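**Q** Would you mind keeping the following structure in view while I ask a few things?
The values are calculated or read from the model by the stated rules, or taken from the named source; none is laboratory data. Owing to the predicted nature of the structure, the values given are computational and were not obtained by experimental measurement. Here the Cβ positions follow ideal geometry from the backbone for every residue, glycine too, while neighbour counts run over all protein chains shown.
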Amino acid sequence: MSLKEPQTKLYATAAQTKVYATKEEPLADLKSNVRSHTVGTTAVVYASDYLNKLTGERIERECKKQLDSGARALVIDFSDTELVNSIGISILLGIIDIAEKNGALVVFSDVNNETVQLFEMLGLTRHVVLAKDEEEALTNLSTSSKAMGH
Amino acid sequence: MEPNTQKLIHSFGALADLGQEVADTGDFMEMVRTSLHLLLGTLAIRRGAIIECPTHHLPEDKSTNLLAVWGVGEDYQPKFDVEDADRDLFLKAPDGALLVSALVQSPKSKVQSQNGTGSGSDRVEDVATTAPASSLIFFDRYASQLQQQGFDLIIPMVVRGELTGLVLLGGKASGDPFTADDLEVIKSMVRHIGVGIHTHRLLGEVKQQVVENRRLYEDLRAIYRDTVRAFAAAIDIKDKYTQGHSERVGKYSEIIARELGFGEEEIEGMAIAGYLHDVGKLVVERDIINAPYRIDAKQSSELNRHPAAGYEILSPIHHPYADIPLMAKYHHERMDGRGYPDGLTDEQIPLGAKIVTLADSFDAMTTDRPYKTRRTFDEVILDLRRNTGSQFDPIVVIAFCRALMKELTGETKKRRFAKMLGKNYLDATKDIPLLTQLLAELDPNTQTAAVGSGS
């Protein structure tokens, strides 16, 4: 799967995500206050309610850390996120860049409608996959991974 | 929501944030970094850099300074030389943007502008060549490098006719070309950022100027103080019996002023007045000053010219402190009007002159003269008691006594009086009661405090 090509939205059933649920490793980073955990070689990072400079930089650091630790895919979960401003967009683009350089996939999960529209309008959706929620993201990453023979 | 409306709201939000960011003078580098994020995030541009150009005040310095970069990698630290011709080119297109790819294909400047009606779907195209080929040094040198790094646009930041810097931008995440509307948003934001950088520069220059002025002022003050000291030494050398008199009067005056609660500037001014109070003696014959006997009336009249002469000498000088010449002129005036040169009374005499009067008299009483040895402390107290109100202002005498009391009781660790009077002159056991009594007579409110501090 090439990150540079437009992606279709992925959907998955709850049953498909159970495989990963048992491998969860809580990695909440208290210092940066960014919640994250890994499922296999996928890191799930939770964005905060308002993605701005402060929170964006924390997420960026966490994503870099996860990629340096060997993550092959990043799921950024926006379930708590109500608003993403310009700085947030810029930082997300930076994360996408770094992930691309590391050969890692990026999935945005549980993004609200308004933010989806913003991502689509700005073209971010050409570089990431959108998933309904974390489970769906993990499931589809697993499917993609198997399809690619990883 | 319509995409165009959403885009507009997103851009307005970014502009509002940028305005706030630029107005914040706290952390300059953070301001630039955030501004770059705001610019990139507004149109989802994947990479960008903000580069500061050297000011034209420093023609020898051509190198740019990278302020912020995003999306290129932390290792990318570009440094460009901006020649005068390049600067002219950028200044000639203050509202334009330069397309890197066009410059690589054909080394001539392309100014981006709006094509057609200016609707959001219009694409930016190269429309004009505004600079002669000789002015393309920058692009000859760097266009390929910029393209390799993924930069598509160069936007000059021009503030008040000065090239403040350059903004380098990569392509949009959407992969679409920049539209004319995009370019308007970019230029508007770049202008904001340019103003922020320009303001920071101006503030930096002002701060530097303030520091430099303060240093110069301190140097001047030091030179002034040294000159005054040299002057005081010159005055005292003329009088072989009163060496160090001017300096001591300066120090006593300083002590009294401090006790009276003067500010630091005024205290320093009082010290200077003390140093210079006898400057008029330079015009008095040495024989009269050094006479080893009581001088006669004619000689006394000649000697009494020195306060007015001092005033004449000091008046043309622009002293950093007020009334120095007047303090020299009136340091022999008396409260009862029997002093000279003008026979002023009480409130006609400046407080500073009254301070110098007491400091001068105290030093005269406590140093050996050719015709008599110095007085004991008891005798000095007696003189003060007798002459306070007629010669000396009680306020000044009280302040002087309090300062001396503080040293004798150990309330202050400084031994300023002892240093000037010699260590055996003062005797706390004997002198504290004398001072306490005098203070009680002059100011009943002082008694308790003085005795209390002595116990």
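**Q** Can you tell me which of A:Ser86, A:Ser69 is more than 13 Å from chain B (Cβ to nearest Cβ), among the polar types (S, T, N, Q) and out of contact with any strand residue (DSSP E or B) (no Cβ under 7 Å at 6 or more places or on another chain)?
**A** So the residue among A:Ser86, A:Ser69 that is more than 13 Å from chain B (Cβ to nearest Cβ), among the polar types (S, T, N, Q) and out of contact with any strand residue (DSSP E or B) (no Cβ under 7 Å at 6 or more places or on another chain) is A:Ser69.
**Q** Report, by residue number, each residue of the range B:221-239 that is farther than 16 Å from B:Val283 by Cα and without any contact (Cβ under 8 Å) to a residue 60 or more places away in the chain.
**A** Residues satisfying the conditions are B:Ala222, B:Ile223, B:Arg225, B:Asp226, B:Thr227, B:Val228, B:Arg229, B:Ala230.
**Q** Please verify whether the range A:78-86 includes one or more residues that are assigned to a helix (DSSP H, G or I), aliphatic (A, V, I, L, M) and crowded, with 22+ Cβ neighbours inside 10 Å.
**A** no
**Q** I'd like the full set of residues that are over 17 Å from B:Thr179 (Cα atoms), at pLDDT below 90 and crowded, with 19+ Cβ neighbours inside 10 Å, limited to the range B:1-33.
**A** Residues satisfying the conditions are B:Ala14, B:Asp17, B:Leu18, B:Glu21, B:Val22.
**Q** If I go through the range B:21-35 residue by residue, how many of them are within 14 Å of another protein chain (Cβ to nearest Cβ) and either among the small types (Gly, Ala, Ser) or in a loop (DSSP other than H, G, I, E, B) (or both)?
**A** Going through the range B:21-35 one residue at a time, the tally reaches 4.
**Q** Within the range B:213-223, does at least one residue satisfy the condition of being outside the structural domain of B:Ile50 (by TED's automatic domain parsing), in contact with a helix residue (DSSP H, G or I) (Cβ under 7 Å, 6 or more places away or on another chain) and on the phi < 0 side of the Ramachandran plot?
**A** Among the residues of the range B:213-223, not one is outside the structural domain of B:Ile50 (by TED's automatic domain parsing), in contact with a helix residue (DSSP H, G or I) (Cβ under 7 Å, 6 or more places away or on another chain) and on the phi < 0 side of the Ramachandran plot, which makes the answer no.
**Q** Can you report the number of residues in the range B:307-337 which are more than 27 Å from B:Ile223 (Cα to Cα) and in contact (Cβ under 8 Å) with a residue 12 or more places away in the chain?
**A** So the answer is 5.
**Q** Of all residues in the range B:36-75, how many are within 14 Å of chain A (Cβ to nearest Cβ), out of contact with any Leu (no Cβ under 6 Å at 6 or more places or on another chain) and surrounded by 14 or more Cβ atoms within 10 Å (Cβ to Cβ)?
**A** So the count comes out to 11.
**Q** For the range A:92-150, enumerate the residues that are away from chain B (no Cβ under 14 Å), assigned to a loop (DSSP other than H, G, I, E, B) and modelled with pLDDT of 90 or more.
**A** A:Gly103, A:Ala104, A:Asp110, A:Val111, A:Lys132, A:Asp133
**Q** Going through B:Lys281, B:Lys251 one at a time, which residue ends up being part of a helix (DSSP H, G or I), assigned by TED's automatic domain parsing to the domain that holds B:Pro341, at pLDDT below 90 and under 18 Å from B:Thr357 (Cβ atoms)?
**A** B:Lys281
**Q** Also, I was wondering about something else. Looking only at the range B:313-338, how many residues end up being of a type in the set (Ser, Thr, Tyr) and modelled with pLDDT of 95 or more?
**A** 1
**Q** Based on this model, can you work out whether B:Leu36 counts as at pLDDT 90 or above and in contact with a Ser or Thr (Cβ under 6 Å, 6 or more places away or on another chain)?
**A** Criteria not met by B:Leu36.
**Q** What helices (runs of 4 or more DSSP H) completely inside the range B:333-427 contain at least 3 residues that are of a type in the set (Gly, Ala, Ser)?
**A** By residue number, B:351-365.
**Q** Still on this model: Name every residue in the range B:2-20 that is more than 7 Å from every other protein chain (Cβ to nearest Cβ) and farther than 17 Å from B:Arg191 by Cβ, in order of residue number.
**A** Selection gives B:Glu2, B:Asn4, B:Thr5, B:Leu8, B:Ile9.
**Q** Does B:Val185 count as farther than 23 Å from B:Leu66 by Cβ and in a helix (DSSP H, G or I)?
**A** Yes, satisfied.
**Q** If a residue must be without any contact (Cβ under 8 Å) to a residue 24 or more places away in the chain and acidic (Asp, Glu), how many such residues does the range A:51-71 contain?
**A** Result for the range A:51-71: 1.
**Q** In addition: With respect to B:Val210, determine if the residue is assigned to a helix (DSSP H, G or I) and closer than 22 Å to B:Pro341 by Cα.
**A** No.
**Q** Would you say B:Ile155 is touching a Lys or Arg at 6+ places or on another chain (Cβ under 9 Å), crowded, with 23+ Cβ neighbours inside 10 Å and not assigned by TED's automatic domain parsing to the domain that holds B:Asp360?
**A** The answer is yes for B:Ile155.
**Q** Let me ask something else about it. Take the residues of the range B:309-348 that are touching a helix residue (DSSP H, G or I) at 6+ places or on another chain (Cβ under 9 Å) and among the β-branched types (Val, Ile, Thr): which is surrounded by the fewest Cβ atoms within 10 Å (Cβ to Cβ)?
**A** Taking the candidates together, the pick is B:Ile317.
**Q** Residues that are in the same structural domain as B:Glu205 (by TED's automatic domain parsing), modelled with pLDDT of 85 or more and in a helix (DSSP H, G or I): does the range B:44-62 have at least one?
**A** Checking the range B:44-62: not a single residue is in the same structural domain as B:Glu205 (by TED's automatic domain parsing), modelled with pLDDT of 85 or more and in a helix (DSSP H, G or I).
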